[in-house]
Every structure is written in C-alpha cells, then in structure tokens.
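Take a look at the structure below.
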Amino acid sequence: MADESDSRCEVCGTVVPAGAEVCPACGASLIARKPTDGSAPTVPTPERAATSPPPSGSELAKRLATLQLWNEGSAALGVTLPGLPSWAEELARETPGQDGWIEVVRGVERLAQKRVTVALEEWDRKTKTRLSRLEAYSVDGRLERDQMDDLLHSARTGDIGQALATYQQVDRVVTLKERHLDQAREELERLVSLLRDMEALGMPPPEAPSQVANELERELRGGRLAPLKQRLRSLRTQATNRLKEQLPAYVTQYGDFLLHERSDGLPVELEASELARAAREFVRGRSDEALRRLRLLAQVHGTPSGRSRRAGVPPAGATEASRTT
C-alpha cells in the first residue's frame, strides 16, 4: 500500500515515492515549474511521454470479458475454453504496459476459437441427423440448415460470439420441434394401446384400433401435427366416455367371477387386490393404467367367459405379475 506522503505522476498516474524527481514508470520530471504570470505550476514531461500511445487497459479488459462470454456461451456444447488464471488476470490488469499481456490473450482467443469450432462441427453433424428425422415427418428444417451453415462460417472466421448466439437459437428451435413430434408420437401410441386393451377386454372401442393406428400414422408422417392432436383428443374423449359406461359393469362381473372361484376353494386374494387397484386407477382418471392392469389380470388369471388357465396353481410368474403395483 502506498504511503500517504507518496504522490502520483501527473502524466501516467503511477504512485511515486515522496521526494522523487523523476517518475520511475514514464520518466516524466516531477519538479513543478513556477510560471512568471502567476498561473498554476506546470510539470514538464519528456518527449517520449508526450508521444507515447494511450494506455491499452480498456482493450485488455474488453478481450478478457469477451473470453468470459465465449466460455459461458459454449457451456451447452460441453466445452471448457482456455483462459488466464485469476492471478494472471489480476497481474495483467495492474501492469502499466499491457501490450505483452494483450498478445497472450490473443493467443488464448485463437485456442478458444479452435475448440468452439470443433465442438460446433460435431454438433452440426448430430443436428443434421436430428433434422433428417424431423424431415421424415414432413417437418421443415431448411431454415435451420441455412443457419447452421452461417454459424459454422462465423466460427471459422473468428466471430465466435455470433456463432454461439446462432447455435443457441437453432438448437432451441430443433429441440422444440422434436418435443412436439415426440409428444404426438407418445400420445398416438398410448391411445392405440388404450383402444386395443378395450377391444381385448370385450369393451367395444369407438373405432377399430388398427384403422385408427393407420390413419393417425399418416397424419403424423405428413407433419400435420395440429389436426393430429385434435383427432387424438377427440378419440380419447370418446373412449373415456365409453369406459365410464362399460368398465363398472366389467369390474362387477369380474368380481363375481373371483367370488365364484373362491367358493370353489381357489385363492384369489391377489387377483381381487389387482382388480381393486385397476378400479381405483380409473376413478383417479388414469384410464390407460386401469386397462393395462385389467388386461394383465385377464391374461394371467382368465376371464368369466374363459375359465382360469390355472389348475389350482398359477403358471410360472403369474403370481408375481398379479402383484404389479
């Protein structure tokens, strides 16, 4: 810490010890000259100090800040960029002549550019595969492909900030399109499975499952996601309304079937518990899970219309299957 008696050079601002006649940093004279007209004293400066370029601290700070932004922007790529250690940054900022440090930072920038470019090229290959899948479902990806070419060009020419900004935008859009497609695919498969379970349990679905599966698949492959989702909602509502009418009677009938088997001396406690779980899932609004349990129960234990496949002892694995929770 500088002593209170120390002063600063009026040319470069360096703290100089009290009594010094020449600035140790820039060589400027510290002896004030008293003018004859009574104005304030002036400090003569050597010629080299007057012609020296302005301090470059602002450029160094700007480059260090840019490196930090690059590092943050490339985190999603799984890349950690090189940088100056904290002690080196502090030393660079405090050093009066920073040209040498600026050259060091430029070298770090070149290494960072190479790493980002390699990571973006790998991301580009993977994303084109993702786009090909989307395009197989008639989802347009031409704009994203053009933007990917642009961001690679920016990265290779050194405009890393612009490249990373475009990368984040493109990746976000592609991910969103994939999410919409995957959600539609998942809902389609769940609905078809629900209709097939209804059919297998003897509860007529609103439409034939195989026909519905083909129609919905064509909608999905054609990229018509909006009408597809509307169709899915309509079919699910119809199926749920039918289940509200048919499933209570089925559960009652199956319960009577289990009571009859118990009167014949067969242990049906596990099956009765599974039947109760299925009914509870339906009441909670989980139609898919309710029908899945009922179909598994029918496959393992049999149905009223087809006597149990057991002959006193369940087939291998049947007891454990009926324990499904």
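The values are calculated or read from the model by the stated rules, or taken from the named source; none is laboratory data. Small disclaimer: the values here were computed from a predicted structure and weren't measured. A quick note on method: Cβ atoms are made from the backbone with ideal geometry, for glycine too, and the neighbour counts reach across all protein chains shown.
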Report task. Scan the range 213-227 and give yes if some residue there is exposed (fewer than 15 other Cβ atoms within 10 Å of the Cβ), touching an Asp or Glu at 6+ places or on another chain (Cβ under 8 Å) and of a type outside the set (Gly, Ala, Ser), otherwise no. Result -> yes
**Report entry** For ARG125: the one exception among (1) within 19 Å of the chain's Cα centre (by Cα); (2) modelled with pLDDT under 95; (3) farther than 30 Å from ARG236 by Cα
**Finding:** (2)
Report task. State whether one or more residues within the range 203-222 are of a type in the set (Val, Ile, Thr) and farther than 30 Å from ASP140 by Cα. Result -> no
Query raised in the report: Could you say which residue among VAL173, VAL192 is of a type outside the set (Phe, Trp, Tyr), in contact with a Pro (Cβ under 6 Å, 6 or more places away or on another chain) and part of a helix (DSSP H, G or I)?
Result: VAL192
**Report entry** Candidate set: the range 228-252, residues that are buried (at least 18 other Cβ atoms within 10 Å of the Cβ) and in contact with a Ser or Thr (Cβ under 9 Å, 6 or more places away or on another chain); chosen: the one farthest from TYR137 (Cα to Cα)
**Finding:** LEU247
Query raised in the report: Here are some residues: THR95, THR80, THR66. Which one is touching a residue at least 24 places away in the same chain (Cβ under 8 Å), of a type in the set (S, T, N, Q) and either farther than 28 Å from ARG156 by Cβ or touching a helix residue (DSSP H, G or I) at 6+ places or on another chain (Cβ under 8 Å) (or both)?
Result: THR66
Report summary line: When the range 116-146 is checked residue by residue, the ones that are among the polar types (S, T, N, Q) and crowded, with 16+ Cβ neighbours inside 10 Å are THR117, THR127
Query raised in the report: Quick one: ASP171 ticks every box in (1) farther than 24 Å from LEU67 by Cβ; (2) modelled with pLDDT of 95 or more bar one, so which box is it?
Result: (1)
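Condition check ((1) assigned by TED's automatic domain parsing to the domain that holds GLU72; (2) under 23 Å from ARG63 (Cβ atoms); (3) outside any helix (DSSP H, G or I); (4) hydrophobic (A, V, I, L, M, F, W, C)) across all residues:
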{"position": "ALA112", "(1), (2), (3), (4)": "yes, yes, no, yes"}
{"position": "ARG115", "(1), (2), (3), (4)": "yes, yes, no, no"}
{"position": "GLU122", "(1), (2), (3), (4)": "yes, no, no, no"}
{"position": "GLU135", "(1), (2), (3), (4)": "yes, no, no, no"}
{"position": "GLU144", "(1), (2), (3), (4)": "yes, no, no, no"}
Query - Filtered residues of the range 269-325 (kept if under 36 Å from the mean Cα position of the chain (by Cα), modelled with pLDDT of 50 or more and farther than 17 Å from GLY255 by Cβ) - result: ARG284, GLY285, ARG286, SER287, ASP288, GLU289, ARG292
Requested in this report: Sort through LEU191, LEU143, LEU176 and tell me the only one that's touching a residue at least 24 places away in the same chain (Cβ under 8 Å) and not basic (Lys, Arg).
Outcome: LEU191
Query raised in the report: How many of the residues making up the range 198-212 are in a helix (DSSP H, G or I), in contact with a helix residue (DSSP H, G or I) (Cβ under 7 Å, 6 or more places away or on another chain) and surrounded by fewer than 17 Cβ atoms within 10 Å (Cβ to Cβ)?
Result: 2
